[in-house]
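Nothing in this text is a laboratory measurement; each read-out follows from the coordinates by a stated rule. Predicted model only: the values in this text are computed from it and were never measured. For neighbour counting, all protein chains shown are included, and Cβ atoms are generated from backbone atoms with ideal geometry for every residue, glycine included.
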């Protein structure tokens, strides 16, 4: 109880600090959705960025040196998902690892039945419920921030997974306060997922990957809109109706609900 009180007091202090001018220049030049936001939303976003950067650790990989441009560009996109909602700032995420570009990982992929195949996979990002970390490719981060209309924002995708993990389960739902909200969310997601599967002809996403997919598409296509994941099932319903008209997800890797982590692969960018 005392720890929570001290944490909130520290966060209030961080939010009250003047926002560094150099950071603001980075956001305005790198993050295209920022300027169209209302003044109120801009102020809320900048306050969240202050807290986010104070609490998360960044590490460069494959020779990449972490600087303010990298930290602030990632933080601004991640914090878009926190607008208009009570938040604990992705509490299960401690460290963000950043590669210069697409990176290779060894992976097992399910083919069918008992058959699996092994090989290397190019990835742009990944995170997991028990990892405590996230991996991002810096060139993908930059391109997603620069073009709000492409529906391919790796930061929104991976941080939507982190919102999912707030209730200690990878179940495609954010932390909801009441049983009524949980049931409403479930019904909206069931209906919209069924419609999405019926309409899509490029591949079928897993249920657990649906929320991050629709988050990145909706927020990329609608830079003036409030976040897709809020504690409001009415807003969710409106948002998902919009998503239905624009999203064309590719098949999620693995396609099994017990998969331990989630990743953004190069193949997900292909229409």
Checklist entry - Taking the simple approach of a point 7 Å from Cα along Cα-to-Cβ for both residue 183 and residue 147, what is their distance in nm? => result 4.4
Checklist outcome for this item: Taking 157-165, 122-130 and ranking on average Cβ neighbours within 10 Å, highest first, one gets 157-165, 122-130
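If you count, for each residue, the other Cβ atoms within 10 Å and average over each peptide, how do 44-51, 62-69 line up from highest to lowest? Please report the intermediate quantities before stating the final value.
Details: 44-51: 20.9, 62-69: 12.4.
Answer by packing, highest mean first, reads 44-51, 62-69.
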Checklist entry - Which part of region 43-63 falls in the paramagnetic zone of residue 101, meaning amide N under 19 Å from the point 7 Å along Cα-to-beta-carbon? => result 60-63
Checklist outcome for this item: Whole-Å distance linking the alpha carbon centroid of region 48-96 with that of region 99-140 is 21
